[in-house]
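Data block below; observations after.
The values are calculated or read from the model by the stated rules, or taken from the named source; none is laboratory data. In this text, all values refer to a predicted model and were calculated from it rather than measured experimentally. Because the Cβ atoms are built from the backbone with ideal geometry, glycine has one as well, and the counts that use them run over all protein chains shown. Just the protein is used for accessible areas: all its heavy atoms, side chains included, with ligands, DNA and RNA removed. Shrake-Rupley method; radii C 1.70, N 1.55, O 1.52, S 1.80 Å.
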Number of protein chains: 2
Amino acid sequence: MNAKEILMKAVVCDQTGRLLQALAYYQDGIKILMDLVNEETDVGRKKVYHSRIKEYLDRAEQIKERISRFGHSGSLLHSVSIEDGATGYSYHTLIGKYLSNEVKEVLIEEPYLVERYQNLINFLEVIIKNCADLKFVRLVTKTDTKNPANQMTALDNIKTDLSVREIILHFTFEDTLHDRKILLSSGYVIKIGRGLHFYKPNNPRYTLGMCDYDFRKCLQTDVDILRIKKVS
Amino acid sequence: MNAKEILMKAVVCDQTGRLLQALAYYQDGIKILMDLVNEETDVGRKKVYHSRIKEYLDRAEQIKERISRFGHSGSLLHSVSIEDGATGYSYHTLIGKYLSNEVKEVLIEEPYLVERYQNLINFLEVIIKNCADLKFVRLVTKTDTKNPANQMTALDNIKTDLSVREIILHFTFEDTLHDRKILLSSGYVIKIGRGLHFYKPNNPRYTLGMCDYDFRKCLQTDVDILRIKKVS
């Protein structure tokens with residue numbers, strides 16, 4: 001897709017309330033426009049590009065601002081303090097009741113995705129199985145500085161796998177990211193102190209909890225679930 | 001436990017209908033008696049041992065005979081032919097509706113348990129989560145001739161893990177075993193052509209299906225579920 005097509009898609013998503021997907025398209029479109037403006041020599045055209053870029057940047061910023069506000073507003077629905085060594089806290093047990101076909105988009109802000117992709121896979125399995133109309137997952141994480149190629153391969157594989165199921169996985173790297181947050185477009189924010197990684201490894205490997213995380217021992221962490229305005 | 005204690009337990013289990021556990025105790029008790037009879041020099045005592053051994057051996061044979069008949073009788077409840085590459089056939093989806101707290105004992109006859117213990121773990125997770133009163137699992141398999149120590153360690157770890165949940169895992173090796181069969185003491189036999197191993201490996205590794213087998217592609221196999229008389 002060229003910049004125009006991408007940005008048209010961004011506007012359509014924006015108008016139909018698919019904010020996370022709109023943001024991804026705005027950001028991708030802006031990137032291409034930036035490259036074009038650098039190559040452009042005609043001053044008049046350069047100006048047109050600049051004004052377009054500004055327009056889309058402003059809208060992207062508004063959406064980002066709105067999304068980030070979601071983590072700091074809303075009413076606290078449910079709060080769980082998971083004790084060290086506790087079991088019975090699979091992703092499904094924790095958030096299953098907030099999953100439905102109302103969820104069209106999901107945002108996952110998880111700074112650490114390094115070698116431990118099984119947790120991400122498990123989380124995606126849970127949301128995809130329980131949100132029949134899920135179309136878009138935005139994943140924000142930090143670069144794996146030790147093995148960026150490995151990380152890129154893993155995320156690309158997951159993206160391809162999801163695309164077969166007609167779900168777009170859009171990942172982006174923000175290397176100052178610290179907080180963990182999961183946003184369901186149906187109007188919930190899930191904040192887990194340790195993000196996706198609050199399970200202890202199975203030791204020995206072949207014990208219950210290998211596949212079903214309800215059997216897995218947890219690390220101490222707090223979980224807050226907030227009700228916010230519907231995003232889409 | 002000494003032979004007497006073990007065999008007393010066998011009789012109690014036998015009388016209360018816990019046939020699989022009774023069988024395991026009979027076999028363990030007989031093994032100890034056999035060693036004792038070999039060491040015994042007194043002819044009179046040797047005779048007593050021999051008659052006891054015969055008595056328990058006969059009962060163990062009767063139980064084995066009864067259990068093996070279960071695979072060849074009963075009414076066919078449900079039959080599924082899984083196509084190569086199909087998905088949506090996790091153990092839970094396949095047999096979940098036959099699991100309940102009526103299931104006190106489970107027999108798993110699975111000749112091949114070599115390096116692929118994840119399937120066994122996943123299966124155990126499903127039955128343990130859905131059979132609240134499960135007390136005993138009898139696992140019959142073949143020796144891993146390439147790496148018997150590895151197999152023993154894996155099965156011992158699983159046994160220890162289950163014992164924490166007050167479930168006894170009793171495994172035994174029958175190197176002529178060929179057929180696959182799963183018996184639920186509540187009165188069901190599940191026969192899967194490929195036994196526990198009808199899932200294709202996840203490739204690439206990090207894709208959906210890593211934990212939730214409903215997303216996992218299957219190999220072609222047939223599944224028959226039979227209703228039999230309640231075992232316990």
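Please check: in the Gaussian network model of chain A (C-alpha springs, under 10 Å), which one of A:ASN122, A:ASN130, A:ASN38 has the largest mean-square fluctuation. The residue that fluctuates most here is A:ASN38.
The distance separating the Cα centre of the range A:6-71 from that of the range A:186-223 comes to 37 Å.
The C-alpha atoms of chain A define a longest principal axis, and helix A:19-39 lies at about 40 degrees to it.
Show that you can apply the helix-only estimate: for the protein assembly as shown, add -39,500 (n - 2.57) for every DSSP H stretch of four or more residues, divide by all residues, and state [θ] at 222 nm to the nearest 500.
On the way: 12 runs with 196 residues, N = 464.
Rounded to the nearest 500, the figure is -14000 deg cm²/dmol.
Scanning chain B for the beta carbon that comes closest to the axis linking it by rotation to A yields B:CYS211, 2, distance in whole angstrom. Remark: for residue pairs A:LYS97/B:LYS104; B:LYS104/B:LYS217; A:LYS47/A:LYS135; A:LYS217/B:LYS135; B:LYS104/B:LYS159, the C-alpha separation exceeds 24 Å in A:LYS97/B:LYS104; B:LYS104/B:LYS217; A:LYS47/A:LYS135. Using only the alpha-carbon atoms, how far is helix B:117-130 inclined from the longest principal axis of chain B? Give it as 0 to 90 degrees, nearest 10. Taking the Cα atoms of chain B, the angle to B:117-130 is about 90 degrees. What residues in the range A:120-149 lose 30 Å² or more of accessible surface when the other protein chains are added to their chain alone (1.4 Å probe)? Flagged in the range A:120-149: A:ILE121, A:GLU125, A:LYS129.
Equivalent-ellipsoid semi-axes (√(5λ), Cα gyration tensor) for the range A:3-69, whole Å, largest first?
Details: eigenvalues 110, 27, 15 Å².
Largest first, the range A:3-69 gives 23, 12, 9 Å.
For chain A, the C-alpha radius of gyration divided by 2.2 N^0.38 Å, with N the number of residues, is 1.10. Rounded to the nearest 10 square angstrom, A:TYR188 shows an accessible area of 40 square angstrom against a 1.4 Å probe. What angle, in degrees between 0 and 90 and rounded to the nearest 10, separates the Cα long axis of helix B:43-70 from the longest principal axis of the Cα atoms of chain B? Once rounded, one gets 20 degrees.
Largest first, the residues A:HIS178, B:HIS197 sort by 1.4 Å accessible area into A:HIS178, B:HIS197. In order along the range B:222-231, the phi-based Karplus estimate (6.51 cos²θ - 1.76 cosθ + 1.60, θ = phi - 60°) of 3J(HN,Hα) comes to 10, 10, 10, 10, 10, 9, 10, 5, 4, 7 Hz; Gly and Pro are listed as x. A point 7 Å from Cα along Cα→Cβ stands in for B:MET8, and the other copies hold the same point at 8.5 nm, listed in rising order. The candidates B:GLU65, A:GLU174, arranged from most to least accessible area with a 1.4 Å probe in the full protein assembly, appear as B:GLU65, A:GLU174.
For the options A:LYS159, A:LYS191, A:LYS54, a Gaussian network treatment of chain A with springs between C-alpha atoms closer than 10 Å singles out A:LYS54 as fluctuating the most. Expressed to the nearest 5 percent, the antiparallel share of DSSP beta bridges inside the protein assembly as shown is 65 percent. Protein-only accessible surface at a 1.4 angstrom probe places the residues A:LEU219, B:LEU19 in the order A:LEU219, B:LEU19, largest first.
Using the eigenvalues of the Cα gyration tensor, what equivalent ellipsoid semi-axes result for the protein assembly as shown when each is taken as the square root of five times the eigenvalue, whole Å, largest first?
That gives 57, 21, 20 Å for the three semi-axes.
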